[in-house]
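A short write-up of the structure that comes next.
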Amino acid sequence: MAIEVGDRLPESTFLVFGSEGPKEVPSGDVFSGRKVVVFAVPGAYTPTCTKEHVPSFVKAAEALSGKGVDEIVCISVNDPFVMSEWGESTGATSAGIRMLADPKGDFTSAIGLAFDAPPAGLFGRSKRYSMLVEDTVVSKLNIEPATACTISGGETILEQI
Ligand code: BEZ
């Protein structure tokens, strides 16, 4: 079952690519005691994710910070090397967005948002969504009904906060 507003996020571990290679980031370090905007995508470098979804958050980053958001994170079922390169090439990393790899999809499956798009070669990926998380509890949630970015972009969650 998909996660809902009011639910607490499950504990999980992400990977980021740091100066010394892949590094584990416990979900508690990201969400505990903090106000965090999450957006998740079906895959790094896919067209909509790269040309629409990430740019919408790069554009909204400063305004979200102005509304008290401690951090914006992007989650994808990908490896940390790809997430790091994608963050650099889209300008997300420069905008302060942290690119969190969920390599086995453990977090994504635990919140009931796993997604397959066989024609695009995507299996065990994530639905496209955005959410506001306040001290590990989901307070806003925008899950896309399909692959397009219509309700999960940066401008929508900016209006909701
Ligand atoms: C896209 O981001 O363009 C995309 C995502 C999932 C399936 C196909 C395309």
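Among the candidates 89, 27, single out the residue that is hydroxyl-bearing (Ser, Thr, Tyr) and away from the ligand (no atom under 16 Å from the Cβ).
The conditions single out 27.
What are the residue pairs meeting all of these: first residue in the range 7-28, first residue farther than 22 Å from residue 111 by Cα, second residue surrounded by 13 or more Cβ atoms within 10 Å (Cβ to Cβ) and among the hydroxyl-bearing types (Ser, Thr, Tyr), Cβ atoms under 9 Å, and 6 or more apart or on different chains?
Close Cβ pairs (under 9 Å, with a partner that is surrounded by 13 or more Cβ atoms within 10 Å (Cβ to Cβ) and among the hydroxyl-bearing types (Ser, Thr, Tyr)) amount to 17/84; 18/84.
In the list 40, 101, which residue meets the criterion of being within 15 Å of the ligand (Cβ to nearest atom) and open to solvent by less than 10 Å² (accessible area, probe 1.4 Å)?
Unique residue meeting the criteria: 40.
Determine the pairs where a residue that is assigned to a strand (DSSP E or B), located within the range 116-133, has a partner that is small (Gly, Ala, Ser) and near the ligand (Cβ under 9 Å from one of its atoms) with Cβ atoms under 6 Å apart, the partner being 6 or more residues away or on another chain.
So the pair list comes out as 122/43; 125/43.
Scan the range 1-27 for residues that are in contact with a Ser or Thr (Cβ under 9 Å, 6 or more places away or on another chain), surrounded by 12 or more Cβ atoms within 10 Å (Cβ to Cβ) and not in a strand (DSSP E or B) and jot them down.
Result: 9, 10, 11, 12, 27.
Could you please find all residues in the range 69-98 being over 24 Å from residue 144 (Cα atoms), surrounded by fewer than 18 Cβ atoms within 10 Å (Cβ to Cβ) and touching a residue at least 60 places away in the same chain (Cβ under 8 Å)?
Hit for the range 69-98 is 81, nothing else.
Does residue 62 satisfy being open to solvent by 10 Å² or more (accessible area, probe 1.4 Å), more than 22 Å from residue 146 (Cα to Cα) and of a type in the set (Asp, Glu)?
yes
Taking the range 75-108, which residues are assigned to a loop (DSSP other than H, G, I, E, B) and basic (Lys, Arg)?
Passing the criteria: only 104.
Could you count how many residues in the range 122-137 are more than 9 Å from the ligand (Cβ to nearest atom) and out of contact with any Leu (no Cβ under 9 Å at 6 or more places or on another chain)?
4
Would you mind telling me which numbered condition in (1) away from the ligand (no atom under 13 Å from the Cβ); (2) surrounded by fewer than 18 Cβ atoms within 10 Å (Cβ to Cβ); (3) closer than 25 Å to residue 69 by Cβ; (4) not aliphatic (A, V, I, L, M) residue 150 fails?
(1)
The values are calculated or read from the model by the stated rules, or taken from the named source; none is laboratory data. Remember, it's a predicted structure, so these values are computed and weren't measured experimentally. As a convention, Cβ positions derive from the backbone with ideal geometry for all residues, glycine included, and neighbour counts pool all protein chains shown. Side chains included, ligands, DNA and RNA excluded: accessible areas come from the protein's heavy atoms. Shrake-Rupley method; radii C 1.70, N 1.55, O 1.52, S 1.80 Å.
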